[in-house]
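K.L.:
Got a structure for you, written out below as structure tokens; questions coming shortly.
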Ligand SMILES: Nc1ncnc2c1ncn2[C@@H]1O[C@H](COP(=O)(O)OP(=O)(O)OP(=O)(O)O)[C@@H](O)[C@H]1O
Ligand SMILES: [Mg+2]
């Protein structure tokens, strides 16, 4: 594969299979021996078979793998959207297992601790750009007016950083793909999560637009955000500090 | 927060839920209108029925109640009784003063012979006398300039209250408003006599048939009375057939007055006289009682019954067998008396309520199916919301709130519609009762022509099927409405001879309206709950993967 050649040299030093800070600090987000099996009636399809990954604080990890290898599945597990097979693996955020708690605590985890960006943006068509970006700030409280105002402020800032301050009242349908993805990133970051999970964030965009999206992520990463990003594209993976591969249901370093 | 935002957005960003709002509004309006009219009708029945019968009604057979005077004073002494009044009721034929030729019209009537002074204290007779000068300036204001009451003085009311013609001192008759054909009710609710003549002052001849205690029917007898006034009770049946005459005259006519009784089986004496057996006491067939304020009609009834038993016991000790009270009398409260009038209406109202409540299920089903498709359409959005941390309850709440909003908006709109309709129901009824105004069908005709043009424009020029179809439907509907208006020849739906009243009740029954609104909201939420639960069950990963 061409991945290795295109990886920048500075990232190359970290390709030890462990996060750079692993020796000193525990990972912020980790999967331990997770299994995820899908069922088609009688047939069982094991997608993840004891996959483990540790993502260090402030790290940017790219996850590569063939189509159908289970990258999205792993991301969903990391993001608390899905749970591993019962009793087979744990997802830990800051040292505490997130997949074992009640649905409520998982909801909270998704809302506060991680931000998710999808390939297909997934904005709500009825809401304006600003409202979409605010959404996580509105979730999780019935009378959170103060929180909503704070979310609005933060969303405004993030959208400004993304160069969208002139389109706050627009509907997603009126935006280009790249603009939509910027809104999605603003949404993912509005509650100030520690980790950004991006599942092929540039998969639907041309190279230039994709690069600008990655610049936006890089800017946030520079400010201390931990990023886990799935991609097909080696040049996209090159932006990360560390690249892992998903093969045969397991995470393989390098 | 986001639930409010989203449910409001979903409500305002699409047309289909508005259909649900409209459906809920129509259901609620329909139920409120029907129940309000029925309740108003019931209230009117009760109130009007009560106005001319008092609180407790004692009725005997044709033989009547002898020594009623004694019993009346017993009754008046009771702590539960405010006043009691004797009445004779019988059937009669009334020879009317019209038409102008020698052959006159005959009206079958129900005769009530009363003692006007005490009768007015037991019933609302005094207030129901129609022809009277306006009581004050305010009353004068409400009358139209051609209302004959404006030119009357107090003597006509006095004549009605005393059942006698003031000028001649002759005993008079007071008739129900609809007994004479001369009274035409105007749409403002007042009566202005037709044909330029005016009933009070005219003579009528009343024919009645005396029936003896044993049930033998005697020769009919008649008497002529001047009409002194008319009463309007509001109950069509009463106003159509009831006439009032003084009690004394009726007793004579019907041979219910005190009279010597001779032994017809014995031989006459030398002067041709039969031996005198005694005196039959004067009798009445009914006693009406008004309860003291605050005394319940049932309690008054019980007191009256006890008093009657005492009266019977006292009479049994009397020597003259002629004065024996009848074996059986019926003693009923006004509500029991009106039972066969009120009962069916109450049942009918309950039936209506139940029948119309089924509409709610239809409403709930409509909301269910609309929401179901929205939830399916919005599966991806639900997944997005879950992915940013929305809980299952949060998702549930979006759709419940949405249903609640439809229920609340729809129900309140329904109350509004119902209020407007009920408030104007008599106007609407009168409009239906008339031929359609030309402007109406010209307008609908013009609109249908317009929609033909629009339909052609959409179909032919623009090549758009949906607007074309909608305009075509509009054309057909308007065409049918036009034809219906053209063919409409005025139908009276609320026939006063069927419904007792000449006006449709036009008061919204707010208590029932509140229940109906509650029902509308509850059923909307129930309809929304099923799709909402489905939405809450959406698996975010699945939703995002396939959305
Ligand atoms: N709900 C499901 N039921 C059955 N199989 C599933 C389900 N979801 C995913 N799979 C299967 O699991 C495997 C991994 O899917 P996943 O989406 O994680 O792959 P991926 O690596 O993200 O692929 P791509 O690069 O195309 O996005 C695929 O073979 C897919 O068909
Ligand atoms: Mg994928």
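Only the coordinates and a few stated rules stand behind these numbers; no lab work does. What you see is a predicted model; the values in this text were computed from it and never measured. When we count neighbours, we look across all protein chains shown, and the Cβ atoms used for this are built from the backbone with ideal geometry, even at glycine.
K.L.:
How large are Rg and Dmax for region B:99-189 when calculated on the C-alpha trace, in angstrom?
P.N.:
Over region B:99-189's Cα set, Rg and Dmax evaluate to 15.0, 44 Å.
K.L.:
To continue, here is another question. Would you mind pulling out the separation of the Cα centroids of region B:433-480 and region A:183-254, in Å?
P.N.:
58
K.L.:
A further question follows. Mind checking the angle between helix B:392-423 and chain B's longest principal axis? C-alpha axes, 0 to 90 degrees, to the nearest 10.
P.N.:
40
K.L.:
Let me know the mean shielding of A:81-92 by other chains, meaning the per-residue number of their Cβ atoms within 10 Å of its Cβ.
P.N.:
Working: counts 8, 4, 1, 0, 0, 0, 0, 0, 0, 0, 0, 0.
Per residue, the average neighbour count from other chains is 1.
K.L.:
Here is a further query. What is the Cα convex hull volume of region A:66-112 when expressed per residue in Å³?
P.N.:
In region A:66-112, the Cα convex hull volume per residue is 85 Å³.
K.L.:
Given the C-alpha atoms of region B:1-144, compute the convex hull and give its volume per residue in Å³. If you can, show how the numbers build up before the last one.
P.N.:
Working: hull volume 50.4 nm³, N = 144.
Roughly 350 Å³ of hull volume per residue.
K.L.:
Which order do the peptides A:151-163, B:133-145 come out in when sorted by mean C-beta neighbours inside 10 angstrom, highest first? Present the calculation step by step, with values, prior to reporting the outcome.
P.N.:
Values: A:151-163: 18.6, B:133-145: 10.5.
Highest-to-lowest ranking by the protection proxy: A:151-163, B:133-145.
K.L.:
So for each of B:154-163, B:419-428 I average, over its residues, the number of other beta carbons within 10 Å; can you give me the resulting order with the highest mean first?
P.N.:
On the way: B:154-163: 19.1, B:419-428: 16.4.
Going by the mean number of other Cβ atoms within 10 Å, highest first, we get B:154-163, B:419-428.
K.L.:
Follow-up question, since we're still on this one. Compute and list, largest first, the equivalent-ellipsoid semi-axes of chain A from the alpha carbon gyration tensor, each √(5λ) rounded to a whole angstrom.
P.N.:
Numbers: eigenvalues 159, 98, 63 Å².
Sorted largest first and rounded, they come to 28, 22, 18 Å.
K.L.:
For residue B:361 and residue A:206, FRET efficiency with R0 = 56 Å and r from the beta-carbon atoms, rounded to 0.05?
P.N.:
Values: r = 54 Å, r/R0 = 0.97.
Between residue A:206 and residue B:361 the formula returns 0.55.
K.L.:
Can you show me the helix-derived [θ] at 222 nm for chain A, built from DSSP H runs with n ≥ 4 at -39,500 (n - 2.57) apiece and divided by the number of residues, rounded to the nearest 500. Could you put the intermediate results ahead of the total?
P.N.:
Working: 9 runs with 82 residues, N = 254.
About -9000 deg cm²/dmol.
K.L.:
Per-residue Cβ counts within 10 Å, from other chains only, averaged over A:123-131: what number is that?
P.N.:
Counting other chains' Cβ atoms within 10 Å and averaging over A:123-131 gives 4.
K.L.:
On to the next question. Which order do the peptides B:338-348, B:226-236 come out in when sorted by mean C-beta neighbours inside 10 angstrom, highest first?
P.N.:
Values: B:338-348: 13.9, B:226-236: 23.9.
The densest-packed peptide leads the list: B:226-236, B:338-348.
K.L.:
Moving to a separate point now. Shape verdict for region B:258-402, please, from the Cα gyration tensor: rounded (a/c under 1.5), prolate (a/b greater than b/c) or oblate. If you can, show how the numbers build up before the last one.
P.N.:
Numbers: a/c = 9.12, a/b = 4.49, b/c = 2.03.
Cα axes put region B:258-402 in the prolate bin.
K.L.:
Once the Cα atoms of helix B:438-456 and of chain B are each reduced to a long axis, what angle between those two axes, in degrees from 0 to 90 to the nearest 10, is obtained?
P.N.:
Tilt of helix B:438-456: around 20 degrees.
K.L.:
Let me ask another. May I ask for the distance between the Cα centers of region A:107-142 and region B:371-399, given as a whole number of Å?
P.N.:
Spelled out, the Cα-based centre of one part sits 12 Å from the other.
K.L.:
Additional query: Let me test this: with uniform point scatterers at the alpha carbons of region B:90-152, what is the Debye-based log₁₀ I(q)/I(0) at q = 0.14, 0.21 1/Å?
P.N.:
-0.72, -0.94
K.L.:
Also, quick follow-up: Please report, in Å, the Rg and the Dmax of chain B, where both are computed over Cα atoms only.
P.N.:
According to the Cα coordinates of chain B, Rg and Dmax are 33.7, 126 Å.
K.L.:
Restricting things to alpha carbons, find the Rg to Rh ratio for the protein assembly as shown using the Kirkwood radius for Rh. Walk me through the numbers before you get to the answer.
P.N.:
Numbers: Rg = 44.5 Å, Rh = 34.9 Å.
We get a ratio of 1.28 for the protein assembly as shown.
K.L.:
A further question follows. When the helix-only estimate is applied to chain B (DSSP H runs of n ≥ 4, each -39,500 (n - 2.57), divided by the residue count), what is the mean residue ellipticity at 222 nm, nearest 500 deg cm²/dmol?
P.N.:
Values: 20 runs with 289 residues, N = 547.
Calculated mean residue ellipticity at 222 nm is -17000 deg cm²/dmol.
K.L.:
Relative to the compact globular guide of 2.2 N^0.38 Å, what is the alpha carbon radius of gyration of region B:85-257, as a ratio? Before the final figure, lay out the partial values.
P.N.:
Values: Rg = 16.2 Å, N = 173, 2.2 N^0.38 = 15.6 Å.
Taking N as the residue count of region B:85-257, the ratio is 1.04.
K.L.:
Further question: Which value in Å does the Kirkwood hydrodynamic radius of region A:34-99 take, with 1/r averaged over all unlike C-alpha pairs and then inverted? Don't skip to the answer; put the middle values down first.
P.N.:
Values: mean 1/r = 0.0783 Å⁻¹.
Kirkwood hydrodynamic radius for region A:34-99: 12.8 Å.
K.L.:
Here's a follow-up. For chain B, find the longest principal axis of its Cα atoms and tell me its angle to the long axis of helix B:297-316, 0 to 90°, nearest 10.
P.N.:
Orientation of helix B:297-316: about 20 degrees from the principal axis.
K.L.:
Averaged across A:179-188, how many Cβ atoms of other chains sit within 10 Å of each residue's Cβ atom?
P.N.:
Working: counts 0, 0, 0, 0, 0, 1, 0, 0, 3, 2.
Taking the mean over all residues of the peptide, I get 1.
K.L.:
Which order results if A:212, B:180, A:165 are arranged by neighbouring Cβ count within 10 Å, fewest first? Before the final figure, lay out the partial values.
P.N.:
On the way: A:212 16, B:180 22, A:165 13.
Fewest-to-most Cβ neighbours within 10 Å comes out as A:165, A:212, B:180.
K.L.:
With just the Cα atoms defining each centre, how far is region B:510-547 from region B:268-314? Give it in Å.
P.N.:
68
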